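Q: Handing you this structure, nothing more for now.
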Amino acid sequence: MKKYLPILIVFLSVSLSAQNLRSGGKLKPEQAIMDIRHYTVALTVDPEKQTINGYTEITLVLSEASPILLFDLWHGLTVEQVLVNGKKETFNHAQNDLLTITGAKVFAVAKRLTVKVVYGGTPGVAVRPPWTGGFQWSKDGQGNPWIAVTCQSEGAKIYFPCKDHPSDEPNEGADMIITVPRGLSVAGPGLLKDVKNSKTTSTWHWKTNYTVSNYCIVFNVGKYTNVTRTYTSVLGNKIPMEFYVLEEHADKAPHHLEVLERTCQVLEKYFGEYPWAKEKIGIVETPHLGMEHQSMNAYGNQFKYTKVGGEDFDWLLTHEFGHEWWANKVTNKDWGHMWIQEGICSFGDRLYVRELAGEEAYLKSMQQTARGTQNVKPIVQGEEVDSDDAYHGDIYGKGAFFMHTLRFVLGDSIFFPTLKKLATDKRYTYDSFVTTDDVEELFSTASGKNLEALFDFYLRTTNKLEFTIKQTEDEKYKITLTNFDEALPVQLSVDGVLSKQLISKEGVIVTGKTWPILDPNVYYLKKVVLE
Ligand SMILES: [Zn+2]
């Protein structure tokens with residue numbers, strides 16, 4: 001998602017808001033036996049009444065027979081009817097944002113079930129999108145409806161029934177069939193199958209065949225123009241680039257796609273081909289800052305560029321687009337491991353700086369990142385953590401910095417190919433999900449070093465490495481790593497000469513006319529005590 005900004009949250013008393021919803025956490029036993037295969041979300045959106053009405057169809061397979069089917073759906077919406085494989089079933093939607101369907105007969109194991117939920121109403125309003133999600137009923141500069149949906153923190157249950165847990169994505173993809181007043185456009189994931197017009201409405205059918213996180217099964221509505229370009233991927237595939245931009249900003253779109261193309265080229269270099277090459281590279285202009293919606297990235301940074309390496313750079317565009325690899329292709333199994341999505345994506349932002357502006361500029365940006373780490377909560381707080389508990393600033397910066405440390409410890413010839421493997425090997429991508437242990441094992445195996453202690457220290461504690469430098473005699477200094485049990489390679493600057501030495505609890509003696517400077521380029525989060 002979204003760059004973390006430590007803004008004071010003002011809780012407005014908006015009765016329609018669906019704040020306090022959390023996604024993921026402990027997987028419910030009734031849902032642990034479900035494998036979601038496909039979602040179809042078919043809704044008519046009324047911008048005037050601010051309502052949605054229609055149905056969602058969920059196709060799934062059970063690994064055990066069950067008398068009930070349990071889905072998540074925000075209580076503020078009204079369910080009218082539930083059909084399972086075409087047959088009406090009884091349901092209860094009275095409590096805890098859960099929809100319980102009780103079968104006339106037990107639902108059989110291994111049978112493909114299609115559950116159609118007919119529902120509608122007034123969806124929850126996003127109080128502070130994208131951080132607090134829901135529907136955003138906005139207007140563009142010309143007064144046209146401009147509607148966005150965000151739900152990373154809340155889960156898609158905020159507007160359609162689903163199994164709201166990051167560990168299960170619909171393996172066969174999703175269809176979105178969204179009807180809006182004629183004249184407005186709908187931007188969605190995957191490919192546009194067709195647009196059917198009536199006198200007063202247009203129905204837009206988007207379809208992705210890729211597996212997709214439920215919070216990326218969203219749409220945006222606006223008075224859009226689709227500005228296109230063709231991208232040639234690192235593997236030579238031609239991929240359509242599509243930008244659903246407000247008509248009033250259409251003149252900015254061609255240059256913006258050039259900026260995006262450069263970002264994509266850098267990210268492909270480090271992380272492999274753009275993940276949704278068979279469909280499209282998509283962005284859509286939104287009234288909120290942005291979100292990593294798969295193959296239709298939400299963009300709301302208002303074309304604000306800075307310069308990196310002399311070229312226009314849009315930090316929001318690059319960050320959200322990086323999530324096509326880190327979040328959408330490589331997905332954390334539960335939110336407890338969200339640093340993999342945010343931290344490695346943020347590291348990718350720094351690699352863009354490295355590529356365009358050079359190693360020195362990259363080092364500077366990592367030094368700035370080091371200064372910004374909070375170390376109040378560990379990055380990994382355990383397993384089955386929900387979206388709210390997992391989310392804090394250090395999953396971005398400290399997560400990115402940990403990748404920087406790992407790069408230094410392993411060296412580029414091991415680090416970069418291994419990082420690319422994490423983004424390309426089928427064990428970690430698409431239908432697979434990852435945890436911190438998966439990442440640790442991958443890097444440990446690739447390097448032949450057991451990195452468990454380093455991973456645990458950085459990710460599961462708030463400690464910083466502590467080094468002491470003690471003058472033992474004239475021009476002799478003993479350098480010791482005091483609170484970590486293994487030796488780590490450390491850069492030392494002694495009388496202006498750089499060297500790399502292994503430092504452990506035993507310590508090393510260096511000779512110099514002046515006090516040595518430890519880790520001058522800042523590859524570690526650390527305290528240095530001079531004695
Ligand atoms: Zn992000």
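The values are calculated or read from the model by the stated rules, or taken from the named source; none is laboratory data. Note that the coordinates shown come from a computational prediction; the quantities given were computed from them, not determined experimentally. So basically every Cβ, Gly included, is an ideal-geometry build from the backbone, and we count neighbours across all protein chains shown. Side chains included, ligands, DNA and RNA excluded: accessible areas come from the protein's heavy atoms. Shrake-Rupley method; radii C 1.70, N 1.55, O 1.52, S 1.80 Å.
Q: Taking segment 63-91, which residues are in a loop (DSSP other than H, G, I, E, B), in contact (Cβ under 8 Å) with a residue 40 or more places away in the chain and small (G, A, S)? Don't jump to the end; show me each part of the working.
A: Of all residues in segment 63-91, those in a loop (DSSP other than H, G, I, E, B) come to 63-65, 73-77, 85-86, 89.
Pick out the ones that are also in contact (Cβ under 8 Å) with a residue 40 or more places away in the chain and you get 63-65, 73-74, 76-77.
S63, A65, G76, listed by residue number.
Q: Ok, one more. Identify, please: which residue in segment 160-187 is open to solvent by 10 Å² or more (accessible area, probe 1.4 Å) and hydrophobic (A, V, I, L, M, F, W, C) and is, among those, nearest to R22 (Cα to Cα)?
A: Taking the candidates together, the pick is I177.
Q: Let me ask something additional. Which of the residues belonging to segment 47-56 are part of a strand (DSSP E or B) and surrounded by 17 or more Cβ atoms within 10 Å (Cβ to Cβ)?
A: Within segment 47-56, I52, N53, G54, Y55, T56 meet the criteria.
Q: Strands (runs of 3 or more DSSP E) wholly in segment 273-374 with at least 2 residues that are more than 15 Å from the ligand (Cβ to nearest atom) and in contact with a strand residue (DSSP E or B) (Cβ under 7 Å, 6 or more places away or on another chain) - which ones?
A: 281-285, 306-308
Q: Can K420 be described as of a type outside the set (A, V, I, L, M, F, W, C), farther than 19 Å from D334 by Cβ and in contact (Cβ under 8 Å) with a residue 60 or more places away in the chain?
A: Judged against the criteria, K420 is a match.
Q: Being in contact (Cβ under 8 Å) with a residue 40 or more places away in the chain and more than 15 Å from the ligand (Cβ to nearest atom) is the requirement here; does D386 meet it?
A: For D386, the condition - in contact (Cβ under 8 Å) with a residue 40 or more places away in the chain and more than 15 Å from the ligand (Cβ to nearest atom) - is met.
Q: Continuing with the same structure: What number of residues within segment 430-462 are touching a Ser or Thr at 6+ places or on another chain (Cβ under 9 Å), open to solvent by 70 Å² or more (accessible area, probe 1.4 Å) and in a helix (DSSP H, G or I)?
A: Within segment 430-462, residues that are touching a Ser or Thr at 6+ places or on another chain (Cβ under 9 Å), open to solvent by 70 Å² or more (accessible area, probe 1.4 Å) and in a helix (DSSP H, G or I) number 3.
Q: It is to be established whether one or more residues within segment 98-112 are under 21 Å from N214 (Cβ atoms) and under 28 Å from the mean Cα position of the chain (by Cα).
A: Checked segment 98-112: at least one residue is under 21 Å from N214 (Cβ atoms) and under 28 Å from the mean Cα position of the chain (by Cα).
Q: Test A94 against the stated conditions and say whether it is assigned to a strand (DSSP E or B) and of a type in the set (A, V, I, L, M).
A: It is false that A94 is assigned to a strand (DSSP E or B) and of a type in the set (A, V, I, L, M).
Q: Another one. Evaluate the following for G103: is it assigned to a strand (DSSP E or B) and farther than 20 Å from F160 by Cβ? Let's see the steps before the verdict.
A: Numbers: assigned to a strand (DSSP E or B): yes; farther than 20 Å from F160 by Cβ: yes.
For G103, the condition - assigned to a strand (DSSP E or B) and farther than 20 Å from F160 by Cβ - is met.
Q: Quick one: which of P240, P275, P254 is open to solvent by less than 50 Å² (accessible area, probe 1.4 Å) and not hydrophobic (A, V, I, L, M, F, W, C)?
A: Being open to solvent by less than 50 Å² (accessible area, probe 1.4 Å) and not hydrophobic (A, V, I, L, M, F, W, C) holds for just one of P240, P275, P254, which is P275.
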